[in-house]
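Asker: Got a structure for you, written out below as structure tokens; questions coming shortly.
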């Protein structure tokens, strides 16, 4: 009588060794963020070339038609200086967040953009126009800081503490309503979106399956 059982083979075809998986994820994360930033710069060049027509994709609060601009507003900037100030933190924070998987990162980014945009739409001053990637940046900051506490991963906790130590002061300063022409609402609701995303897209315990015993064939 023969017996069969599920075998685990470390060298199973198609499964990359751990170092290669890490390298592959890092490469994918880097390419994604470089492409994202390249898109932002391409759009801003087009905006300037067309007399700033893309500025109309910013969010004007409490107008129903402006809800359609929530996502486009995160890809629109008011000039090259505005975009330049957002480029490096978006690259760094986006790369770190995307290391856990491109699909999860895109879901997190979309959730942050939507939550942030809805907050701006509801609470920004009348007759204002809000656009830019800073809401996403603030959201990614909050996501990275909170994620480790939610998932309980030591590495994520360390990363979150380092991110908080490096960017914390400027982030705190950015949510204070003391800067003329700067949307503190966009920064604040970006943080809200990041915290919400850390919970929405947290690691859930894998379903425990009963161990299979050998069975006759």
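Asker: Kindly indicate which of 164, 139 is in contact (Cβ under 8 Å) with a residue 40 or more places away in the chain, within 23 Å of residue 106 (Cα to Cα) and either touching a helix residue (DSSP H, G or I) at 6+ places or on another chain (Cβ under 6 Å) or assigned to a helix (DSSP H, G or I) (or both). Break it down stepwise before answering.
Answerer: On the way: 164 fails: in contact (Cβ under 8 Å) with a residue 40 or more places away in the chain.
So the residue among 164, 139 that is in contact (Cβ under 8 Å) with a residue 40 or more places away in the chain, within 23 Å of residue 106 (Cα to Cα) and either touching a helix residue (DSSP H, G or I) at 6+ places or on another chain (Cβ under 6 Å) or assigned to a helix (DSSP H, G or I) (or both) is 139.
Asker: Scan the stretch 84-100 and give yes if some residue there is modelled with pLDDT under 95, surrounded by 16 or more Cβ atoms within 10 Å (Cβ to Cβ) and either within 15 Å of the chain's Cα centre (by Cα) or not in a helix (DSSP H, G or I) (or both), otherwise no.
Answerer: Taking the stretch 84-100 first, the residues modelled with pLDDT under 95 are 100.
Among the residues that remain, those that are also surrounded by 16 or more Cβ atoms within 10 Å (Cβ to Cβ) are: 100.
Checking the rest, the ones that are also either within 15 Å of the chain's Cα centre (by Cα) or not in a helix (DSSP H, G or I) (or both) come to 100.
Yes: one or more hits.
Asker: With the condition kept exactly as written, say whether any residue in the stretch 122-133 is closer than 23 Å to residue 163 by Cβ and touching a residue at least 24 places away in the same chain (Cβ under 8 Å).
Answerer: Residues of the stretch 122-133 closer than 23 Å to residue 163 by Cβ: 132-133.
Next, from what is left, pick out any that are touching a residue at least 24 places away in the same chain (Cβ under 8 Å): 132-133.
Among the residues of the stretch 122-133, at least one is closer than 23 Å to residue 163 by Cβ and touching a residue at least 24 places away in the same chain (Cβ under 8 Å), which makes the answer yes.
Asker: Kindly list, by first and then second residue, each pair from a residue in the stretch 93-119 that is farther than 21 Å from residue 72 by Cβ to a residue that is modelled with pLDDT of 95 or more and part of a loop (DSSP other than H, G, I, E, B), limited to pairs with Cβ atoms under 6 Å and residues at least 6 apart or on different chains.
Answerer: Filtered contacts from the stretch 93-119: 104/201.
Asker: How many residues does the stretch 60-83 contain that are outside any loop (DSSP other than H, G, I, E, B), more than 16 Å from residue 186 (Cα to Cα) and in contact (Cβ under 8 Å) with a residue 24 or more places away in the chain?
Answerer: Filtering the stretch 60-83 for residues outside any loop (DSSP other than H, G, I, E, B) gives 64-73, 80-83.
Narrowing further to those that are more than 16 Å from residue 186 (Cα to Cα): 64-65, 68, 80-81.
Those left that are additionally in contact (Cβ under 8 Å) with a residue 24 or more places away in the chain: 80.
Total satisfying the criteria: 1.
Asker: Something else now. Looking at (1) within 25 Å of residue 111 (Cα to Cα); (2) modelled with pLDDT of 95 or more; (3) surrounded by 11 or more Cβ atoms within 10 Å (Cβ to Cβ), which is the only condition residue 80 fails?
Answerer: Among (1) within 25 Å of residue 111 (Cα to Cα); (2) modelled with pLDDT of 95 or more; (3) surrounded by 11 or more Cβ atoms within 10 Å (Cβ to Cβ), the lone unmet condition for residue 80 is (1).
Asker: Within the stretch 101-137, which residues are buried (at least 17 other Cβ atoms within 10 Å of the Cβ) and within 9 Å of the chain's Cα centre (by Cα)?
Answerer: The answer is 105, 108, 109, 111, 112, 113, 136, 137.
The values are calculated or read from the model by the stated rules, or taken from the named source; none is laboratory data. It should be emphasised that the depicted structure is a prediction, and the values quoted were computed from it without experimental measurement. Because the Cβ atoms are built from the backbone with ideal geometry, glycine has one as well, and the counts that use them run over all protein chains shown.
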